[in-house]
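Enquirer: Okay, here's the structure, questions in a sec.
The values are calculated or read from the model by the stated rules, or taken from the named source; none is laboratory data. For clarity, every value in this text was computed on a predicted model and none was experimentally measured. As a convention, Cβ positions derive from the backbone with ideal geometry for all residues, glycine included, and neighbour counts pool all protein chains shown. Note: accessible area is taken over every heavy atom of the protein model, side chains too, but ligands, DNA and RNA are not part of it. Shrake-Rupley method; radii C 1.70, N 1.55, O 1.52, S 1.80 Å.
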Amino acid sequence: MDFKGASILTVDQFDLGDLERIFSTAEVMEDYAFGNKITKVLEGAILANLFFEPSTRSRVSFGCAFNRLGGSVRDTTGFTFSSMSKGESIYDTSRVISGYADIMVVRHPEEGSVAKFTKSTNIPIVNGGDGIGEHPTQALLDLYTIYKETNVTLRSLNNVKISLIGDLKHGRTAHSLAKLLSIFKNIHFKFVSPQELGMPDSIVEMLRAKGHHVQITSDFINGIRGSNILYITRVQDERFPHKNDYKKFKGSYSLTVDKFKKYCNKDTKILHPLPRDSRELKMEIDNNLNNHPNLAIFRQTDNGIPIRMALFALIMGVEDKIYQHVIERSWFRPSLKNKM
Ligand code: NCD
């Protein structure tokens, strides 16, 4: 695809060549992402970071990624504090903000809504999550994590065995990741969820039509056995039409140290888009696994910065100009914890 000036709305936009381009750019970004080097290549550019749904890591990491490239960020958080709560349309909001900023990241509770932001503007829009629809940049950083954790070249990611676990019906990160992995060949998917929270049929059918193996199970042990990657997700409380209905599913799939040792391979990596529910009895990943080297969840969140920097650099057309704008770092920063 032509990244320059493009909006990123769905993973369907990418092919293998695009992924190689994003990942090789992300690798260049790593030094800048963690403050070892400083570039000012986006100095003067402004990102409007519009989050109409709760977020911690996506909102902050989009903002930090833009800042790490030298750009400035303006945030809004929550629906109630925006003019949409006064009845303003997506059309108007998008046009207004594009008069202020050079690029927008948008998270919105309705599926398909972020695409509507492109109708009244020419500035690029990046989908930061549209309801139960998609979360394309999360899928990119998830895939980048799988690629780095499995230590293979991107082209040899074929044949990976991955279990996607939890609320696969409402989980947009699971939707985007499954679709993104469909670019490769012969992927072994296990979709592990209570029957009511299964992966949408359209995605299952698409994967089968492309020749991937898809196994669907509600049995957790059967679901985690033999996979290279466990991708655990949260029960999406906020997306249930009847409040409280979600409660019966909370804690139904909890990965403990014992289960991990007994049923998983030595090199199985544990991923989660986060936030994970760490309340007792509802836990998705036992806290005793926190220092386990196969728990990749914090390396995964760290990867959000170089990946989002890479996308911004490609969209703003500066991926080859990073080095021309490097300045010396004058401040101290300790090394990261859990970066095993
Ligand atoms: C996810 C999201 O918002 O879709 N979080 C994220 O962006 N990393 C997952 C979730 O909320 O469960």
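Enquirer: What's the local net charge at Gln300, with K and R +1, D and E -1, over the other residues with C-beta under 11 Å away? Write down the numbers at each step before the final one.
Expert: On the way: positive: Arg57, Lys148, Lys269, Arg299; negative: Asp142, Glu149, Asp302.
Net of charged neighbours comes to +1.
Enquirer: Rounded to the nearest 20 debye, what is the charge dipole size of the chain about its Cα centre when +1 sits on each Lys and Arg Cβ and -1 on each Asp and Glu Cβ? Please list the in-between numbers first.
Expert: Numbers: 45 positive and 38 negative charges, 161 e Å.
Its charge dipole is roughly 780 debye.
Enquirer: Residue separation times 0.36 nm, minus the C-alpha to C-alpha distance between Ser252 and Thr153: what's the value? If you can, show how the numbers build up before the last one.
Expert: Numbers: separation 99, 0.36 × 99 = 35.64 nm, distance 3.53 nm.
That pair, Ser252 and Thr153, stretches by 32.1 nm at full extension.
Enquirer: Can you list residues from other chains, or at least 5 along the same chain, whose modelled amide H is less than 5 Å from the amide H of Val73?
Expert: Under 5 Å from the amide H of Val73 lie the amide H atoms of Leu47, each far enough along the sequence or on another chain.
Enquirer: Follow-up. Just to make sure I understand: if all protein chains stay in place, what is the order of Met1, Met283, Met29 by accessible area at 1.4 Å, largest first?
Expert: Values: Met1 70, Met283 40, Met29 0 Å².
Greatest to least solvent exposure: Met1, Met283, Met29.
Enquirer: For the chain, with the dipole built from +1 on Lys and Arg beta-carbon atoms and -1 on Asp and Glu ones, taken about the Cα centre, which of Asn291, Ala65, His325 lies farthest toward the positive end?
Expert: Asn291
Enquirer: I'd like to know which of Ser252, Gly171, Leu181 lies farthest towards the positive end of the charge dipole of the stretch 136-300, counting +1 on Cβ of Lys and Arg and -1 on Cβ of Asp and Glu.
Expert: With unit charges placed on the Cβ atoms, the residue in question is Leu181.
Enquirer: At 1.4 Å probe size, put His170, His325 in order of accessible surface, largest to smallest. Each step should come with its number before you reach the end.
Expert: Numbers: His170 15, His325 70 Å².
The most accessible residue leads, giving His325, His170.
Enquirer: Let me ask something else about it. For the chain, report the accessible area per residue in Å² (1.4 Å probe, heavy atoms, rounded to an integer). Intermediate values should be presented prior to the final figure.
Expert: Details: 15410 Å² over 340 residues.
Per residue, the chain has 45 Å² of solvent-accessible surface.
Enquirer: Using the Cβ atoms and a cut-off under 13 Å, what net charge is assigned to the surroundings of His175, where Lys and Arg are +1 and Asp and Glu are -1?
Expert: Details: positive: Lys169, Arg172, Lys179, Arg239; negative: Asp12, Glu111, Asp130, Glu134, Asp142, Asp167, Asp201.
It works out to a net charge of -3.
Enquirer: Give me the tail of P(r) for the stretch 173-227 as a percent: Cα-Cα pairs with distance above 16 Å. The partial results should precede the final answer.
Expert: Working: 567 of 1485 pairs.
Pairs farther apart than 16 Å: 38 percent.
Enquirer: Here is a follow-up. Can you give the translational diffusion coefficient of the stretch 136-300 in µm²/s, computed by Stokes-Einstein from the Kirkwood radius over Cα pairs at 25 °C and 0.890 mPa s?
Expert: Values: Rh = 15.8 Å.
Result for D is 155 µm²/s.
Enquirer: Measure of size requested: the Rg and Dmax of the stretch 1-130, with Cα atoms as the atom set and Å as the unit; please supply both.
Expert: In Å, with Rg to one decimal and Dmax whole: 15.0, 45.
Enquirer: Moving on to the next point. Pairs Lys4/Lys119; Lys4/Lys86; Lys116/Lys321; Lys148/Lys185: which are spaced more than 28 Å apart, C-alpha to C-alpha? Write out the running numbers ahead of the final one.
Expert: Details: Lys4/Lys119 18 Å; Lys4/Lys86 34 Å; Lys116/Lys321 32 Å; Lys148/Lys185 18 Å.
Pairs exceeding the cut-off: Lys4/Lys86; Lys116/Lys321.
Enquirer: Another one. What percentage of the solvent-accessible surface of the chain, computed with a 1.4 Å probe over protein heavy atoms, is contributed by carbon and sulfur atoms?
Expert: Values: 7620 of 15410 Å².
Carbon and sulfur atoms account for 49 percent of the accessible area of the chain.
Enquirer: Compute a Gaussian network model of the chain, connecting alpha carbons closer than 10 Å, and tell me which residue from Phe117, Phe260, Phe191 fluctuates the most.
Expert: Phe260
Enquirer: Once you keep just the Cα pairs under 8 angstrom separated by 6 or more residues, what percentage relative contact order results for the stretch 195-340?
Expert: Result for the stretch 195-340 is 20 percent.
Enquirer: Okay, moving on. Let me see the pair-distance distribution of the chain: every alpha carbon pair, 20 Å bin width, integer percents in order.
Expert: Values per bin, smallest distances first: 31, 59, 10.
Enquirer: Per-residue counts of other Cβ atoms within 10 Å, averaged by peptide: what ranking do you get for 214-221, 138-145, 120-127, highest first? Can you show the working numbers first?
Expert: On the way: 214-221: 14.6, 138-145: 25.6, 120-127: 20.0.
Descending mean neighbour count gives 138-145, 120-127, 214-221.
Enquirer: Normalised by the residues of the chain, what does the relative contact order come to in percent, with Cα pairs under 8 Å and at least six apart?
Expert: On the way: 650 pairs, mean separation 71.8, N = 340.
Result for the chain is 21 percent.
Enquirer: Counting Lys and Arg as +1 and Asp and Glu as -1, what is the net charge of the other residues whose Cβ lies under 13 Å from the Cβ of Leu9?
Expert: Details: positive: Arg107, Lys116, Lys119, Arg172, Lys179; negative: Asp12, Glu111, Asp130, Glu134.
Taking every Cβ under 13 Å from that of Leu9, the sum is +1.
Enquirer: With n ≥ 4 as the cut-off for DSSP H runs, can you work out [θ] at 222 nm for the chain, using -39500 (n - 2.57) per run divided by the number of residues, rounded to the nearest 500?
Expert: On the way: 10 runs with 108 residues, N = 340.
Estimated from H runs of four or more residues: -9500 deg cm²/dmol.
Enquirer: Further, regarding this structure: Report ³J(HN,Hα) in whole Hz for each residue of the stretch 259-275, in order, from the Karplus equation J = 6.51 cos²θ - 1.76 cosθ + 1.60 where θ = phi - 60°; Gly and Pro get x.
Expert: For the stretch 259-275, the Karplus-derived couplings read 5, 4, 5, 6, 10, 10, 6, 4, 9, 5, 9, 9, 10, 7, x, 6, x Hz, x marking Gly and Pro.
Enquirer: Lys/Arg Cβ at +1, Asp/Glu Cβ at -1, dipole of the stretch 136-300 taken about the Cα centre: which of Tyr231, Ile203, Ser156 is farthest positive-ward?
Expert: Ser156
Enquirer: For a quick check: with amide H placed at 1.01 Å from N, whose amide H comes under 5 Å from Ile187's, ignoring anything fewer than 5 positions away on the same chain?
Expert: Asn159, His213
Enquirer: Please give the charge dipole size of the stretch 187-296, origin at the Cα centre, charges +1 on K and R Cβ atoms and -1 on D and E Cβ atoms. Round to the nearest 20 debye.
Expert: On the way: 18 positive and 13 negative charges, 41 e Å.
That gives the stretch 187-296 a dipole magnitude of about 200 debye.
Enquirer: Quick check of the Kirkwood formula: for the stretch 140-218, what is the inverse mean of 1/r over all pairs of different Cα atoms, in Å? Display every interim value, and only then the final one.
Expert: Working: mean 1/r = 0.0790 Å⁻¹.
Computed over the stretch 140-218, the radius equals 12.7 Å.
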